[in-house]
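Contents: one structure, followed by commentary.
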Ligand SMILES: [Zn+2]
């Protein structure tokens, strides 16, 4: 088969790779229905995160089970499954506590921008769609669960979004936009999305944003204070990962408020004293997507949410390099790839 490999900044190749096989008895092999390019793939693509030689790419996936190892019990060939970017046994103490992305058996997935994929810990990692394989038009929605929706949902969960609450979302990438959708599902009354791009503002409103703020940094914090009678927001979702976005998020929260941060931090530093006097709850990390998968799949199959709308570019998998370019140049919010 062919798969996606990053050789260096801007250098994505779709080239011959070994077709994955069962290695551990707890593995499954999937034939992917779709995969995609993640915002976090752009960090190494832009040379902002070093790589150790040629690196196979991709960690978002859904598709059909082809084969399972001898120790796999609940996952069966023919099922349509969705899995997280982090594998989990779904049974260790961290998994039972709801933090499957800290599972003692966690591996971060790679190699998903390919037609076939090996998934470790298949029973714990994968969730089959109830009632058999879904219709093909639901595939983008289900693929979104694998990372971006699960991560946006965790941002809202970690930010303790409550019915009637005021929420600020920092970041208008796919995760931020799905953070808006998640906050709406959790009953937020006011959702302020921070965005300067027309198409993203429009999608944010469609997902439930009530207000848009285009300012950044201190000006953005001042705008949020103005809009909330000087109080700040109950919940802030930080979906970028830069120093500016993190400070903006912490600044926008009310004393006692919550910041859920899911943007992978790049060069973010905190001053202890500054944090001490801000009085905010900070909770974030790689999202325990597995905790939310059954609920998110249910919302999709019941037609309650359409997170797949964040995919505004669909390409055949062999044009993956163009998929990266379009996202890098912000011509696309998120690229879906069809093997
Ligand atoms: Zn575990």
- Note on the structure: Footprinting proxy, 298, 41: sorted fewest to most Cβ within 10 Å, the residues are 298, 41
- Roughly how tilted is helix 148-158, in degrees to the nearest 10 and between 0 and 90, from the longest Cα axis of the chain? 40 degrees
- Message: Only counting other Cβ atoms within 10 Å, I'd like 149, 48 sorted with the fewest neighbours first.
- Response: 48, 149
- Taking Cα pairs closer than 8 Å and at least 6 residues apart, the relative contact order of the chain in percent is 19 percent
- Message: Let me check against my output: what whole-number percent is the relative contact order of segment 228-339, with C-alpha pairs under 8 Å and at least 6 apart?
- Response: 18 percent
- Item | FRET efficiency, residue 196 to residue 314 (Cβ-Cβ, R0 35 Å, nearest 0.05) | 0.90
- Please give the length that would be gained between residue 74 and residue 242 if that part of the chain were fully extended, namely 0.36 nm times their separation in residues minus their C-alpha to C-alpha distance (nm, one decimal). 56.4 nm
- Distance in Å, no decimals, from the C-alpha centre of segment 226-293 to the one of segment 74-98 is 28 Å
- Which whole-number percentage describes the relative contact order of segment 66-115, with Cα contacts under 8 Å and a sequence gap of 6 or more? 27 percent
- Query: Using mean Cβ contacts within 10 Å as the protection proxy, how do 228-237, 129-138, 67-76 order, highest first?
  - Reply: 228-237, 67-76, 129-138
- Query: Taking the chain as a Gaussian network, Cα atoms linked when under 10 Å apart, which of 27, 318, 218 shows the biggest mean-square fluctuation?
  - Reply: 218
- Apply 1/(1 + (r/R0)^6) to the Cβ-Cβ distance of residue 11 and residue 229, taking R0 = 51 Å, and write down the FRET efficiency to the nearest 0.05. 0.50
- Query: Where is the GNM fluctuation largest for the chain (alpha-carbon springs, 10 angstrom cutoff): 265, 307, 286?
  - Reply: 265
- Using alpha carbons only, how many degrees (0 to 90, rounded to 10) separate the axis of helix 243-252 from the longest principal axis of the chain? 50 degrees
- Message: If each DSSP helix of 4+ residues adds -39,500 (n - 2.57) and the sum is divided by the residues in the chain, what number results at 222 nm, nearest 500 deg cm²/dmol?
- Response: -8500 deg cm²/dmol
- Query: Which order do 264, 65, 240, 169 fall in if you start with the one that has the fewest other Cβ atoms within 10 Å?
  - Reply: 264, 65, 240, 169
- Using 1/(1 + (r/R0)^6) with R0 = 41 angstrom and r between the beta carbons of residue 91 and residue 52, what's the FRET efficiency to the nearest 0.05? 0.80
- Item | Of 256, 267, 208, the one that fluctuates the most in a GNM where the chain has Cα springs shorter than 10 Å | 267
- Message: For the chain, take the longest principal axis of its alpha carbons; what is the angle in degrees between that and the long axis of helix 217-227, to the nearest 10 within 0 to 90?
- Response: 70 degrees
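Values in this text are rule-based calculations from the coordinates and carry no lab data. This one's a predicted model, so the numbers in the text were calculated from it and none came from an experiment. Note that we place each Cβ from the backbone using ideal geometry, even for glycine, and neighbour counts take in every protein chain shown.
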